[in-house]
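Have a look at the structure below before the remarks.
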Amino acid sequence: MFPLFLRCSIFLPPLQLSACSSHAGLRRTLCTSLDSPKVCIVGSGPAGFYTAQHLLKHHKRVHVDIYEKQPVPFGLVRYGVAPDHPEVKNVINSFTQTAQSDRCAFFGNVVIGRDVTVEELKQAYHAVVLSYGAEDNRLLGIPGEDLPGVYSARTFVGWYNGLPENQSLDPDLTSETAVILGQGNVALDIARILLSPIDLLKKTDLTERALEALARSHVKRVWIVGRRGPLQVAFTIKELREMVNLPGARPLLHPADFKDLREAIKDAPRARKRLTELMVKTALESPMGKEGERWASASREWGLKFLRSPQVILPSSSNGRAAGIRLAVTRLEGSGDSALAVPTEEYEDLDSGLILNSIGYRSLPIASSVPFDSKQGIVPNTMGRVHGASGLYCSGWVKRGPIGVIITTMNDSFDTAQSVIEDLSSGVLNASHPKPGSASTKSILQDRGIQPVSFSDWEKINSVEMSRGKEVGKPREKIVDPEEMLQLAKS
């Protein structure tokens, strides 16, 4: 439309242009070119920020407001990425540049669905993008799941990463053996945190409370359990290599699980092939030199258990806490990623007072007016356009489910942003009708006594966290009390 504006300016006097002309055929095109569409994004994790980045880069007049329920931004980059993976958190630098754009605003400490409704957002903005992620856990659905000593991976990760809602967890780490159910990257992250030397963890942004608990931990062995086999693990080679090279720990991989795999992976995709080759090498080849010495002297260990499906958490007869887990031995039907695990009548019991469920996250519905597929745990959509809800979009895990890594989320979010841009260009979203945007939501929040946190407010919190971390040799010391965050924000 911008080139059309230039062409028209040749034939129409400036006065006519400024008044959008009396020519009915041109009025809508010329006025639309001067409009500033207002888009809001619900959620400030990677999906939210990547969606905002693409919108701001590829539509030069759009204004984007990002709403976040926490007082601080960045979602799973702050609260989900492993503390010993600081390089992954570098994406915060580009997100900060996005938030500092004069066409972008951040509103933290605002719970959409409670403080402001989705319907109120739709009235205030030309487009609303839901990017609030997966905020709940998938349940095991077995007896004993609610016993003390059983924790969800999401809650446990939130605890050591400083997520305010998980700070009362106080996990019991007195068991020498921990069992993690699930074989994805999160499972390996947790295993690595449980087994890493405390001196290494002290250099990360683990919360002080978590560091103190891990320093007292009795955990010496971690079993990472999967329903299927080595060819179906969901973790990646980077995380596996970190476990193999973990100081003070040795792997326990049963050679029988891997002896026939070299032939099976000849034609496998490169990533799967390299991953399996590392498992095979670790299981079948005796380490030499310093690596052999390190494994021989290790005081901690970890292992992968395959073809095991959880059946029941076994309680202690003395205190009612978790004391172990019964696993059904499974067999595979089919092959590759589509192979199904079918339980047999054979069982194995593992003694453990620390059991972590890492079988995945799931999204929750945000409002009754928003379509939601409870079976898949997503908002039904096509290329991010929510079915049957004009002006409503979604990106990230609530769009496609809790799968993939940050690069997957980036591409997915760019696709959703492009759908918004196309709908603005085609007129599906009519930006020629002005919308109040944040002027409306600010008024609503004020009337309801909600104190939003701006990005400059967050920078005050960030400065204090960095300063406190520097004092103890850490990249930051996260503040875990929302009230303290709000006090610093408004100081």
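Data for the structure
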quantity: Residue within the range 277-285 that is open to solvent by less than 60 Å² (accessible area, probe 1.4 Å), within 31 Å of the chain's Cα centre (by Cα) and within 20 Å of VAL219 (Cβ to Cβ) present; calculated: no
quantity: Residues located in the range 328-368, provided they are open to solvent by 80 Å² or more (accessible area, probe 1.4 Å) and either in a helix (DSSP H, G or I) or in contact with a Lys or Arg (Cβ under 7 Å, 6 or more places away or on another chain) (or both); calculated: ASP337, SER338, TYR347, ARG362
quantity: Of all residues making up the range 103-129, the number that are within 25 Å of LEU486 (Cβ to Cβ) and not hydroxyl-bearing (Ser, Thr, Tyr); calculated: 17
quantity: Index of the failed condition, ASP102 passing every other in (1) modelled with pLDDT under 95; (2) open to solvent by 20 Å² or more (accessible area, probe 1.4 Å); calculated: (1)
quantity: Hits in the range 208-243 - residues which are assigned to a loop (DSSP other than H, G, I, E, B) and either within 19 Å of PHE156 (Cα to Cα) or within 23 Å of the chain's Cα centre (by Cα) (or both); calculated: ARG216, SER217, HIS218, VAL219, LYS220, GLY226, VAL233, ALA234, PHE235, THR236
quantity: Scope the range 369-394; condition surrounded by fewer than 18 Cβ atoms within 10 Å (Cβ to Cβ) and closer than 30 Å to ILE325 by Cα; matching residues; calculated: SER374, LYS375, GLN376
quantity: Residues being of a type in the set (Gly, Ala, Ser), touching a residue at least 24 places away in the same chain (Cβ under 8 Å) and open to solvent by 10 Å² or more (accessible area, probe 1.4 Å) - total across the range 399-426; calculated: 1
quantity: Selection from the range 195-248 of residues that are over 30 Å from GLY334 (Cα atoms), open to solvent by 50 Å² or more (accessible area, probe 1.4 Å) and of a type outside the set (D, E, K, R); calculated: LEU200, ALA215, HIS218, ASN245, PRO247
quantity: Within the range 463-475, considering residues that are touching a residue at least 40 places away in the same chain (Cβ under 8 Å) and open to solvent by less than 40 Å² (accessible area, probe 1.4 Å), the one nearest to VAL116 (Cα to Cα); calculated: GLY469
quantity: Yes/no for SER456 being free of Cβ contacts under 8 Å to residues at least 40 places away in the same chain and either open to solvent by 50 Å² or more (accessible area, probe 1.4 Å) or among the small types (Gly, Ala, Ser) (or both); calculated: yes
quantity: Any hit, the range 335-343, residues being touching a helix residue (DSSP H, G or I) at 6+ places or on another chain (Cβ under 9 Å) and at pLDDT 95 or above; calculated: yes
quantity: Residue count for the range 302-320, restricted to those that are farther than 16 Å from PRO255 by Cβ and assigned to a strand (DSSP E or B); calculated: 9
quantity: Which listed residue is free of Cβ contacts under 8 Å to residues at least 24 places away in the same chain, open to solvent by 40 Å² or more (accessible area, probe 1.4 Å) and not basic (Lys, Arg), from ASP481, ASP447; calculated: ASP447
quantity: Candidate set: the range 105-142, residues that are of a type in the set (Phe, Trp, Tyr), within 22 Å of the chain's Cα centre (by Cα) and more than 30 Å from ASN357 (Cβ to Cβ); chosen: the one surrounded by the most Cβ atoms within 10 Å (Cβ to Cβ); calculated: PHE106
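The values are calculated or read from the model by the stated rules, or taken from the named source; none is laboratory data. Remember, predicted model here, so these are calculated numbers, not experimental data. We place every Cβ from the backbone using ideal geometry, glycine too, and count neighbours over all the protein chains shown. For the accessible areas, the whole protein counts, side chains as well, though only heavy atoms, and no ligand, DNA or RNA atoms are used. Shrake-Rupley method; radii C 1.70, N 1.55, O 1.52, S 1.80 Å.
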